[in-house]
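What follows is one structure encoded as structure tokens, with my remarks underneath.
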Amino acid sequence: MQTEVLPVSEASLARAAERIRNGEIVGFPTETVYGLGANALCAQAVLRIFEAKGRPADNPLIVHVSSVEEIPPLVRGIPQAARKLMEAFWPGPMTLILPKADCIPNAVSAGLDTVGIRLPSCEAARALIRAAGCPIAAPSANRSGRPSPTTAQHVLEDMDGRIPLILDGGPCQVGLESSVIDATGEVPVILRPGGITPEMVQAVLGGVRVDEHVMSPLHEGEVARSPGMKYKHYAPKAHTVIYAGESGRVVSAICARYDEAVRAGERVAILGFDEHDFGGRTCISLGSEAHPEQAAARLFAALRELDERGETLALCEAVDTAGIGLAVMNRMGRAAAFDIVRV
Ligand code: TXA
Ligand code: MG
């Protein structure tokens, strides 16, 4: 199969929408990461997503809509807390877990009785959903286990020959996947942190819980509330270690480990902030420490770059977990299998 990459335009959106109506899958931009979309109401189309990604069948997909009016037929009721979050943060980088209606195929929900719904802010994404005339089920458009794609080029790297079309809308603004929030219980629970932060949810609902597995690995026999959390994700080929603590000590510790590893014949790269001086050692920038949204936007591209360069060891500066920093540390933590050195 030939994979076409087309810039977003009225004509390319119409082409992509037609493919989706025909039960095919297409790569498309959102404000978080690129998605791999199919008609959410067609089980056969949805199965193609799992095939193209090499995704385990027990990991459910998020259903994307272009307006709130499209949601009622897809769910069995919307709890009050969920309504408040919708009003505050949609369109935007937030997925709400809601009780699913029967029209959602089991292939989408992976057998759960809930479904994740998201109303993206990206204009091209919403235009595609409108033009297709159906809700679009879409996971991140990476091969399973690879970092999520934040450019059309990343999607092509992973999906060339596997899908017919990628819409190129430029780099994603947020750069990390949406916050996944279960607002069906008394206290909303953040299952996956993202651009809508615990602080933001707290401000709207007066309470919030962050799932304990956001910053720790799942142990043998534990059940994940969000099936995606049990899979090894975002792991570059390089052995990845995070350094946390006071900046001066972190920089010294990283430089010492770097030099030792180079002497042992390793290929090493640092993922670090622009404010810090690593003395000319190979460093992939996470942007400014004062602006963690830059680290969010750059992290996945940085992890891909490690692989491209054939690095065998990556030494990463930890990010403060306030605000979107929690989402950055969740993804970085998983890339490093939560190997965090505190100095
Ligand atoms: O930003 C995003 O959410 C992107 C763009 C394309 O919208 N999509 C995305 O999808 O990241 P995916 O499939 O890569 O991640 C979806 C996550 C998985 O961890 C999955 O387990 C969880 O959401 N999830 C989906 N449905 C769920 C449900 N009903 N209950 C709990 N977790 C669910
Ligand atoms: Mg994903």
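A few points about this structure:
- Proximal charge balance of SER12 [Cβ under 13 Å; K/R count +1, D/E count -1]: -2
- Residue separation of THR282 and GLU87 scaled by 0.36 nm, minus their Cα-Cα distance, works out to 65.7 nm of gained length.
- Here the 3J(HN,Hα) profile of the range 314-328, calculated from phi with Karplus coefficients 6.51, -1.76 and 1.60 at θ = phi - 60°, is 10, 10, 10, 7, 5, 10, 4, 7, 6, x, 6, x, 4, 5, 4 Hz, Gly and Pro shown as x.
- For VAL115, residues with placed amide H under 5 Å, excluding near neighbours: LEU98, LYS100
- Helix 247-263 axis versus longest C-alpha principal axis of the chain: approximately 80°, rounded to the nearest ten.
- Dipole magnitude (debye, nearest 20) for the range 8-115, charges at Cβ of Lys, Arg, Asp, Glu: 120 debye
- Our summary gives the range 76-121 a relative contact order of 46 percent, counting only alpha carbon pairs under 8 angstrom and 6 or more residues apart.
- Loop chymotrypsin sites (Phe, Trp or Tyr not before Pro), the range 247-284 (other Cβ atoms within 10 Å of the site Cβ: 10 or fewer; DSSP): none
- Within the chain: Cβ-based charge dipole about Cα centre, in debye rounded to nearest 20 (Lys, Arg +1; Asp, Glu -1): 640 debye
- Cα long-axis angle, helix 292-308 against the chain (0 to 90 degrees, to the nearest 10): 80 degrees
- Count Lys and Arg as plus one, Asp and Glu as minus one, and take only other residues whose Cβ is under 9 Å from that of PRO93; the net charge is then -1.
- The residues CYS172, CYS42, when put in order of fewest to most other Cβ atoms within 10 Å, stand as CYS42, CYS172.
- Coarse-grained scattering of the chain at q = 0.14 Å⁻¹, given as base-10 log I(q)/I(0) from a Debye sum over alpha-carbon atoms: -1.11
- Beta bridges from DSSP with both residues in the chain: antiparallel share about 35 percent, rounded to the nearest 5.
- The trypsin sites (Lys or Arg not before Pro) of the range 1-106 that DSSP puts in a loop, and whose beta carbon has at most 15 other beta carbons within 10 Å, are ARG76.
- Using 0.36 nm per residue and subtracting the Cα-Cα separation, the extra length available between GLN202 and VAL341 on full extension is 47.0 nm.
- Based on C-alpha pairs under 8 angstrom that are at least 6 apart in sequence, the range 282-343 has a relative contact order of 27 percent.
- By other beta-carbon atoms within 10 Å, ranking VAL189, VAL174 with the fewest at the front produces VAL189, VAL174.
- LEU271 long-range amide H proximity, modeled H, under 5 Å: ILE284, LEU315, CYS316, GLU317
The numbers here are math on the coordinates, done by the rules we state, and not lab data. It should be emphasised that the depicted structure is a prediction, and the values quoted were computed from it without experimental measurement. FYI the Cβ positions are ideal-geometry reconstructions off the backbone, even for glycines, and counts take in every protein chain you see.
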